[in-house]
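Right, one structure below, let's go through it.
The values are calculated or read from the model by the stated rules, or taken from the named source; none is laboratory data. Every value quoted in this text rests on a predicted model; they were computed, and no experiment measured them. Glycine gets a Cβ as well: all are built from the backbone with ideal geometry, and neighbour counts include every protein chain shown. Accessible surface areas use protein heavy atoms only, side chains included; no ligands, DNA or RNA. Shrake-Rupley method; radii C 1.70, N 1.55, O 1.52, S 1.80 Å.
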Amino acid sequence: MAENERLRVGVLGCGPIAQAAHFESANKAGNVELHAICDVADDLRERMAATYAPRKSYRDYDEMLADPELDAVIVATADAFHVAAATQALEAGKHVLCEKPLGVAVEEVEALKRVVDRTGLVLQVGHMKRFDPGIQSAKAFIDREMGEMLALKAWYCDSTHRYAMTDAVQPQIIRSKAAKRPAVDPKADLERYYMLAHGCHLLDVARFLGGEIIEVEARLNHRFGARCWFVDVAFASGALGHLDLTVAVRMDWHEGFQIYGEHGSVIGKTYNPWYFKSSDVDIFHEATGETTRILGADGHFYRRQLEGFADVILNGAAMTGADIEDGLASVRGMVAIARSVHSGKPVKLAEVTGAV
Ligand SMILES: NC(=O)c1ccc[n+]([C@@H]2O[C@H](COP(=O)([O-])OP(=O)(O)OC[C@H]3O[C@@H](n4cnc5c(N)ncnc54)[C@H](O)[C@@H]3O)[C@@H](O)[C@H]2O)c1
């Protein structure tokens with residue numbers, strides 16, 4: 001592997017996320033080659049092969065995994081297939097970048113963790129916001145300068161206008177009737193779907209900046225088709241936390257965070273990811289009385305997460321993305337929020353079992 005300049009990646013799934021993020025990322029990344037793509041839907045796969053020019057194209061996932069030239073797999077399938085697909089890749093000796101959420105239940109992700117531990121291969125979760133330069137600037141300030149954290153608030157509020165906005169900037173998404181879908185429609189239960197699709201981003205950003213979450217107490221309000229989760233969070237550090245997941249607000253995309261620290265404070269505004277714009281993060285430094293904000297940063301989080309993943313494998317760089325523990329913690333967090341809404345009581349993440 002060390003002599004390879006580029007990580008040879010195969011993308012499993014030619015659906016919307018592969019089309020809008022992973023194919024372009026693999027072609028643009030400086031240290032990656034789009035070696036293969038795979039999808040059971042022939043029409044979709046053939047069209048994507050013509051557009052993105054991978055070296056190989058597979059209908060059958062086992063055949064792609066048997067390719068000795070393949071180094072790693074991006075799992076870009078529906079959530080319900082993530083753990084099985086990631087496990088298969090690891091067992092075949094391939095590193096894995098798996099879309100978020102890593103899984104849909106605690107036990108399956110724990111089983112995947114045992115495979116990661118046994119194989120010693122790299123598994124990174126597609127929590128790409130960790131590669132947002134604005135969010136990274138907040139993390140650097142927290143780690144190096146901020147001192148103790150008093151409290152963290154984070155919000156992720158999808159917009160009723162999101163498709164009007166994202167359709168304008170995403171490539172035209174091609175769909176196929178032959179695509180492999182989970183037995184149960186993921187959108188059959190919208191509360192579960194919103195938590196898996198969006199809640200996992202909110203939890204991961206909160207953990208990235210605030211550290212381990214040990215307990216949550218959540219309430220859910222459902223009116224006029226909108227759902228709002230307010231979640232009281234206890235961080236292991238002793239910091240107080242509050243998370244707000246709302247789908248959808250009757251306004252623009254509304255995502256961000258605020259942190260009160262010992263030697264300063266942070267306030268961040270995150271954009272809808274399809275604008276590929278780094279978050280606006282204002283950092284107030286108590287010592288100098290100044291506020292700083294990085295500008296003009298490279299906001300292609302999807303390409304940057306792939307480059308980071310490849311750097312870990314090719315050069316032994318430290319993992320800066322979400323690892324198996326982070327993926328598991330995010331799933332535990334989502335389950336804990338769902339259980340707390342149901343019981344009306346605080347729930348410890350370490351004690352939850354079952355599916356979101
Ligand atoms: N990080 C982000 O910002 C972000 C945004 C959107 C979606 N996602 C995630 O991306 C994932 C995929 O979303 P999507 O909308 O592209 O999914 P999708 O289900 O529409 O598409 C997945 C494709 O994979 C193919 N496939 C599945 N299993 C296969 C197998 N075993 N062999 C061959 N082909 C197989 C299907 O045929 C389908 O074409 C989801 O987990 C979602 O949460 C992440």
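Taking 0.36 nm per residue of separation and subtracting the Cα-Cα distance, full extension of the segment from Thr51 to Arg223 would add 57.6 nm. Computed over region 115-202, the quotient of the alpha carbon radius of gyration and 2.2 N^0.38 Å is 1.53.
Take the Cβ atoms of His242 and Met165, set R0 to 22 Å, and the FRET efficiency comes out at 0.25.
With viscosity 1.567 mPa s and temperature 4 °C, the Kirkwood radius over alpha carbon pairs of region 60-158 converts through Stokes-Einstein to a diffusion coefficient of 83 µm²/s.
Report the charge-dipole magnitude of region 172-279 in Debye, nearest 20, computed about the Cα centre from +1 at each Lys and Arg Cβ and -1 at each Asp and Glu Cβ. Don't skip to the answer; put the middle values down first.
Working: 13 positive and 12 negative charges, 167 e Å.
My answer is approximately 800 debye.
How large is the Kirkwood hydrodynamic radius of region 1-75, counting all unique pairs of alpha carbons, in Å?
Working: mean 1/r = 0.0827 Å⁻¹.
So the Kirkwood estimate lands at 12.1 Å.
Charged side chains reduced to their Cβ positions (Lys and Arg at +1, Asp and Glu at -1) give region 226-307 a dipole of some 380 debye around its Cα centre.
How big is the gap, in Å, between the Cα center of region 16-43 and the Cα center of region 132-172? So the two Cα centres are separated by 25 Å. Given a 1.4 Å probe and the protein chains as shown, Met319 ends up with an accessible area of around 70 Å². Only one residue of Val331, Ala248, Ile259 has its Cα farthest out toward the positive end of the dipole of the chain, where Lys and Arg carry +1 and Asp and Glu -1 on Cβ, and that residue is Ala248.
Are there trypsin sites (Lys or Arg not before Pro) in region 169-268 that DSSP puts in a loop and that have at most 14 other Cβ atoms within 10 Å, and which ones?
On the way: sites: Arg175, Lys177, Lys180, Lys187, Arg192, Arg207, Arg219, Arg223, Arg227, Arg250; in loops: Arg175, Lys177, Lys180, Arg250.
When the trypsin sites (Lys or Arg not before Pro) of region 169-268 are filtered for loop state and at most 14 Cβ neighbours within 10 Å, Arg175, Lys177, Lys180, Arg250 remain.
Think of a 1.4 Å ball rolled over the protein heavy atoms: region 208-337 then has 43 Å² of accessible area per residue.
Compared with the dominant principal axis of the Cα atoms in the chain, helix 106-119 is inclined by about 60°.
Between the alpha-carbon centres of region 224-285 and region 100-123 there is a gap of 28 Å.
The overall shape of region 211-331 is rounded: from the C-alpha gyration tensor, with semi-axes ordered a ≥ b ≥ c, the ratio a/c is less than 1.5. Apply the a/c threshold of 1.5 to the C-alpha gyration tensor of region 1-141 and tell me whether it is rounded, prolate or oblate. Rounded shape, in that the Cα axes give a/c under 1.5.
Where nothing but the Cβ of Lys and Arg (+1) and of Asp and Glu (-1) is charged, how large is the charge dipole of the chain around its Cα centre, in debye to the nearest 20? Provide the component values of the computation, followed by the final result.
Working: 39 positive and 50 negative charges, 188 e Å.
It works out to roughly 900 debye.
Ranking Phe141, Leu220, Ala26 by how far each Cα lies toward the positive end of the dipole of the chain (charges on Cβ) leaves Leu220 at the top. For the chain, DSSP calls about 60 percent of its internal beta bridges antiparallel.
Axis angle, to the nearest 10 degrees, between helix 324-343 and the longest C-alpha principal axis of the chain: 60 degrees.
Computed from Cα positions, the angle between helix 301-315 and the longest principal axis of the chain comes to roughly 70 degrees. In the chain, taking the dipole from charged Cβ atoms about the Cα centre, the farthest positive-side position among Gly289, Ala188, Ala355 is held by Ala188. Shown here are the Rg and Dmax of the Cα trace of the chain, at 19.9, 60 Å.
Classify region 266-356 as rounded, prolate or oblate, taking a ≥ b ≥ c as the square roots of the eigenvalues of its Cα gyration tensor: rounded when a/c is under 1.5, otherwise prolate if a/b is larger than b/c and oblate if not. Judged from the Cα gyration tensor, region 266-356 comes out oblate (a/c at least 1.5, b/c at or above a/b).
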